[in-house]
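Accompanying notes for the structure given below.
The values are calculated or read from the model by the stated rules, or taken from the named source; none is laboratory data. Please read all numbers here as calculations on a predicted model, not as lab measurements. Glycine also receives a Cβ, built like all others from the backbone with ideal geometry; neighbour counts cover every protein chain displayed.
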Number of protein chains: 2
Amino acid sequence: MKGAGARAILDTLRDAGVDLIFTCPGSTEAAILDASSEYERPRTILTTHESIAVAAADGYARATGKPTVAYLHANVGLANGIAHLHCAQLANSPVVILNGTKSTVIANRGGFTTAPYPAEYVRQHVKSDRIALRSDALAEEVSRALRIASTEPAGPVYLGLPQDLVETDAAVPVRVAQSFPQPIARPSAEATAAAAALFAHAKRLVFVAGSELARNKASDAFIALADRLDAVVLLEDRRTIADSGVPASAPRYAGTYAPEHPAIAACDVLFFAGMPSPMEFEPSKKALVPTAAIVHASTDALAIGKVVPVDVGLVGSTAAMLADLSAALADVAVNADRAAFRNEAVAAHTERSRAARTRARKGENVEPIVVSALMAVLAEELPDDCIIVGDPVTSGAELIETVIGDSNRAYHTTSGGSLGWGMAAAIGFALAEPQKRIVSVIGDGVFQFGIQTLWTAASLGLPITFVVVNNASYAAVRAAIKRYRRSSAGPFPASDIAGIDIAMVARGFGALAFSVKNLRELPAALAAAGTHAGPCVIDVHTDSNDTGPA
Amino acid sequence: MKGAGARAILDTLRDAGVDLIFTCPGSTEAAILDASSEYERPRTILTTHESIAVAAADGYARATGKPTVAYLHANVGLANGIAHLHCAQLANSPVVILNGTKSTVIANRGGFTTAPYPAEYVRQHVKSDRIALRSDALAEEVSRALRIASTEPAGPVYLGLPQDLVETDAAVPVRVAQSFPQPIARPSAEATAAAAALFAHAKRLVFVAGSELARNKASDAFIALADRLDAVVLLEDRRTIADSGVPASAPRYAGTYAPEHPAIAACDVLFFAGMPSPMEFEPSKKALVPTAAIVHASTDALAIGKVVPVDVGLVGSTAAMLADLSAALADVAVNADRAAFRNEAVAAHTERSRAARTRARKGENVEPIVVSALMAVLAEELPDDCIIVGDPVTSGAELIETVIGDSNRAYHTTSGGSLGWGMAAAIGFALAEPQKRIVSVIGDGVFQFGIQTLWTAASLGLPITFVVVNNASYAAVRAAIKRYRRSSAGPFPASDIAGIDIAMVARGFGALAFSVKNLRELPAALAAAGTHAGPCVIDVHTDSNDTGPA
């Protein structure tokens, strides 16, 4: 039957519950595209650059927990997806890269857009990197890729699909499980008991909510355990966070993790719940963790103690681990020390937030716009249940401290440092959560990296609000030059990126767009974006000298 | 001394004659950028995406023959440069990738924007992929990278430069040769004699001018030998061509190589002079070469006979090889058969060109615009000595047949299939040849891949003319679906990329721009572009159904 190979791939994806295939196709995708018009699910979403396909798939996979496909063309298309794949890997996001490679007839001859070792492009970012060898195994290969990507610790998988195999008309057996069994591991009884003992005897206890809580829908169990123990709750360090593990509106919330956070400096027991080991931007002169006893839980055994030593490691399913801890601590007594410590930490956080808002408000009528004031207006104007996708580089800390603040907003970002991720990932969140307001906060450098996002967002009519923190520079580069020089004086070569009219470019892509030079104009622009049936870009011109932490 | 490491790198590049460093920097480039403001040469050119840096370096390296640097940031910046690096590799272009990696202190800890094996991203596209291990060897490492990239067969090289090594303040010995000795190899006497014997006795002789002739400045020697032997001259196959080896205005020129070219089908001896073995787009149903005796010359021994067997292989320096052949054939007699064959081939080519121009002119007032008519107007309006940078995908054959035609125009393109190359490479040609008109002919899909080119071109005021063949579709995908279906009927999913106002986007980037819907408007737009002191984008709306060869 014509298209048997392509149909076997699409049948396998559909039966496994895959909703979307993001692609930027080439000639190797002819058979899949030809068959795709007969499938309501998986739906094929066109992007105009492979980087967009990968980050959009990452966003959708994070929002739904489902493996999501980026179907990339030949060696060049695959190469264009690598940087954002690194982001999906760090977020344990089950992005399945299907790579349409050229026919096996010409691959080893160096035919057009072939590479001798395509899997080597992505090997260090995926859990598996096979290339299909037989057309009669296409369904089996796709099914295997989906199972490996979904199994915790979840993560990206690569599967090469040579054109001649996909174009087979011979019957391909499809024998796929309707859903994959998720093997549930739990920590040993000894490790659970050791962690419970530390928690029970702690006097100054801090729980850090990691991204795994969001991925594994374990936020409520985490919050319940923190309640019972009266632990201070923090969000994961902004260097490693992918997804907010709990809403910042959670009881006992006292800000984001940082070694210099007063509660971290003072705590005696620290629980890293479902997150990586700390990640350094540059070699740190200060300790990354306090001298407290540390319990580190993760679905990824190798993440535990990766950078800093820990006292107790808990490996296993996030939900099962929290259930075990909850059972072990069922009878824990109220502890006055912990209550006092928690009280103080939350009160101090509230006071810091209040003071920051007051400072920021003072800047609200200043021109050029300062970032802290911009974030304060966003915090005030955006709905409390919107989804914030963050990729603003040097403004990242202020985004999370102010716009997430103590709101109910979900936060998604990348620790991968791949510019443009936050624009394209917003497509995935918008498709997964059409009832939510999606706000992507980005830098002006990022805008040029994620620019093709606008084509897909406009063509699908996705009502994403893009807020550009436009300081007309590579602020991170300037900050690095300042650190290197130990001085703010002198020239900053190769960091001035002024000269682009972002609003005009956005309109050219079919987006609604505003150029904002005074924050008084921002509320109306946000309101217009909120009712527009397509993407809106709000280009906020901020002070070029306000380029974030040195 | 502050900045000793960075200065050693810049001194080494300057002393070796490197003119330009294209970069899209990050924090790892702080020391290099800080030092760079003291150097007039190499000049640092800012791009706003790494893909632009790599292709621009490729263009400059091809135009000048000099190794040219793309300085890429960390693992994500390197990843973004891979697809165009593949193009530089296929063109044997000495692009030197300097990759600012994170400090050795945090690299193995999985610090921010690290990858465990950065060199694996690019290994299959470079001649060498070292990572510097010691700060006192920085100059030596850079010097070695330059020598390897420049040595024939030339090609890209990768060098990782960890941030802590580059930021050393300790003295770094710089002991670089002022220029690299280019070892000159020549084919064995036996091989030269065998080739000369075939040429001397040929009755129907065809010389195909390969891209190496341009790179090694051997066009005149090639033309002189073709004159002496009265050989038909063709340009390299459009599937493999990187740079036009001779101008199409050369005597005896009869079009581009294709297995179905009448002179190729009929010749008895064929000379592939300085080019790769044929490259297949898809498995070919027809023979890639005729049954003629084949002499294949290249600086790359492994290119000879790579896909099709040859009778005589000549490996060595292009110029030396041509000199040897010229000496061996000094006394060759005039051959009436060859003269008649050449006469007929050139006359037939002239007639085909005339007929094509006549057909194309008939389409000049047709709306929507057809590609052949667009190319005819470009052929007529553009100066005879301009540089054409081609990346129009399905319109590639018509571009070379008509706009190169039998003109004196230089032609540069990629056989790498990495969309966007032709926009960014034009930056390199414009910087290398400021006295020449640079015209980049691209597709609308390509425009979105190379879009950040406009920022650098506008900020430098580079007078590049970008002509967009805008069929509002991924025409190559549609053509592939037609081939696959063996039918033009039915839907073409994921190939409609209408909806972007390319002229408005270009204006947003600071370019002059025109939207052309009737070819009568094109001459004025080209004239305005020719006098504008910056980039100009001419968006030509062509028939969406005129999507190139099926």
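Annotations
- Those helices (runs of 4 or more DSSP H) lying entirely in region B:436-504 with at least 2 residues more than 22 Å from B:Tyr60 (Cα to Cα) and of a type in the set (A, V, I, L, M): B:475-485
- Any chance A:Arg7 is under 25 Å from B:Gln448 (Cα atoms), among the basic types (Lys, Arg) and within 14 Å of another protein chain (Cβ to nearest Cβ): no
- Restricting A:Asp11, A:Asp58 to residues that are of a type in the set (D, E, K, R), in contact (Cβ under 8 Å) with a residue 60 or more places away in the chain and in contact with a Leu (Cβ under 9 Å, 6 or more places away or on another chain) narrows the list to A:Asp58.
- If the condition is being among the small types (Gly, Ala, Ser), in contact with an Asp or Glu (Cβ under 6 Å, 6 or more places away or on another chain) and more than 14 Å from chain B (Cβ to nearest Cβ), then region A:373-428 contributes A:Ala373, A:Ser407, A:Ala425.
- Subset of region B:108-122 that is in a loop (DSSP other than H, G, I, E, B) and in contact (Cβ under 8 Å) with a residue 40 or more places away in the chain - its residue that is farthest from the other protein chains (Cβ to nearest Cβ): B:Thr114
- Among the residues listed as A:Leu399, A:Leu382, the single one being crowded, with 18+ Cβ neighbours inside 10 Å and over 22 Å from A:Tyr474 (Cβ atoms): A:Leu382
- Elements of the type helices (runs of 4 or more DSSP H) sitting completely within region A:314-389 and holding at least 1 residues that are of a type in the set (Lys, Arg) and within 30 Å of A:Leu526 (Cα to Cα): these cover A:336-362.
- Selected residue [more than 7 Å from chain A (Cβ to nearest Cβ), among the small types (Gly, Ala, Ser) and more than 30 Å from A:Ser36 (Cα to Cα)] from B:Gly490, B:Gly508, B:Gly530: B:Gly530
- Some residue of region B:74-96 being in contact with a Cys (Cβ under 9 Å, 6 or more places away or on another chain) and either among the hydrophobic types (A, V, I, L, M, F, W, C) or modelled with pLDDT under 95 (or both): yes
- When A:Asp237 is tested against (1) assigned to a loop (DSSP other than H, G, I, E, B); (2) more than 21 Å from A:Gln89 (Cβ to Cβ); (3) of a type in the set (Asp, Glu), just one condition goes unmet, and that condition is (2).
- Candidates A:Ala61, A:Ala16: the one that is modelled with pLDDT under 95 and in contact with a Pro (Cβ under 8 Å, 6 or more places away or on another chain) is A:Ala16.
To keep it simple, each residue is scored yes or no on (1) at pLDDT below 95; (2) out of contact with any helix residue (DSSP H, G or I) (no Cβ under 8 Å at 6 or more places or on another chain).
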position	(1), (2)
B:Val176	yes, no
B:Pro181	yes, yes
B:Ala185	yes, no
B:Ala193	no, no
B:Ala202	no, no
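- Matching residues in region B:519-550 - criterion: being closer than 20 Å to B:Val439 by Cβ, surrounded by fewer than 19 Cβ atoms within 10 Å (Cβ to Cβ) and in contact with a strand residue (DSSP E or B) (Cβ under 8 Å, 6 or more places away or on another chain): B:Glu521, B:Ala528, B:Gly530, B:His532, B:Gly534
- So B:Ser150, is it hydroxyl-bearing (Ser, Thr, Tyr) and surrounded by 19 or more Cβ atoms within 10 Å (Cβ to Cβ): yes
- Of the residues making up region A:493-511, those that are at negative phi, surrounded by 21 or more Cβ atoms within 10 Å (Cβ to Cβ) and in contact (Cβ under 8 Å) with a residue 12 or more places away in the chain are A:Ser495, A:Ile497, A:Ile500, A:Ile502, A:Val505, A:Ala506, A:Phe509, A:Ala511.
- Residue within region A:274-292 that is over 21 Å from A:Ala88 (Cα atoms) and crowded, with 20+ Cβ neighbours inside 10 Å present: yes
- For region A:302-320, the set of residues classified as over 23 Å from the mean Cα position of the chain (by Cα), at pLDDT 95 or above and within 25 Å of A:Thr151 (Cβ to Cβ) consists of A:Val310, A:Val312, A:Gly313, A:Leu314, listed by residue number.
- Odd one out for B:Ala301, checked against (1) under 27 Å from B:Lys127 (Cα atoms); (2) surrounded by fewer than 18 Cβ atoms within 10 Å (Cβ to Cβ); (3) within 13 Å of another protein chain (Cβ to nearest Cβ): (3)
- Hits in region A:456-495 - residues which are closer than 22 Å to A:Val441 by Cβ and of a type outside the set (A, V, I, L, M): A:Thr456, A:Gly461, A:Pro463, A:Thr465, A:Phe466, A:Asn470, A:Asn471, A:Ser473, A:Tyr474, A:Arg478, A:Ser495
- Among residues of region A:426-451, those that are among the small types (Gly, Ala, Ser) and closer than 22 Å to B:Gly81 by Cβ, counted: 3
- In region B:124-141, residue nearest to the chain's Cα centre (by Cα) [restricted to those that are more than 14 Å from every other protein chain (Cβ to nearest Cβ) and assigned to a loop (DSSP other than H, G, I, E, B)]: B:Lys127
- Once region A:237-273 is narrowed to residues that are surrounded by fewer than 24 Cβ atoms within 10 Å (Cβ to Cβ), under 21 Å from the mean Cα position of the chain (by Cα) and hydrophobic (A, V, I, L, M, F, W, C), the residue that is nearest to the other protein chains (Cβ to nearest Cβ) is A:Ala258.
- Evaluated against (1) closer than 26 Å to B:Pro262 by Cα; (2) crowded, with 19+ Cβ neighbours inside 10 Å, B:Tyr158 falls short on exactly one condition, (1).
- Qualifying residue in region B:403-423 (condition: more than 24 Å from A:Ile500 (Cα to Cα), touching a helix residue (DSSP H, G or I) at 6+ places or on another chain (Cβ under 6 Å) and charged (D, E, K, R)): no
- In region A:331-347, residue surrounded by the fewest Cβ atoms within 10 Å (Cβ to Cβ) [restricted to those that are of a type in the set (A, V, I, L, M) and at pLDDT below 95]: A:Ala333
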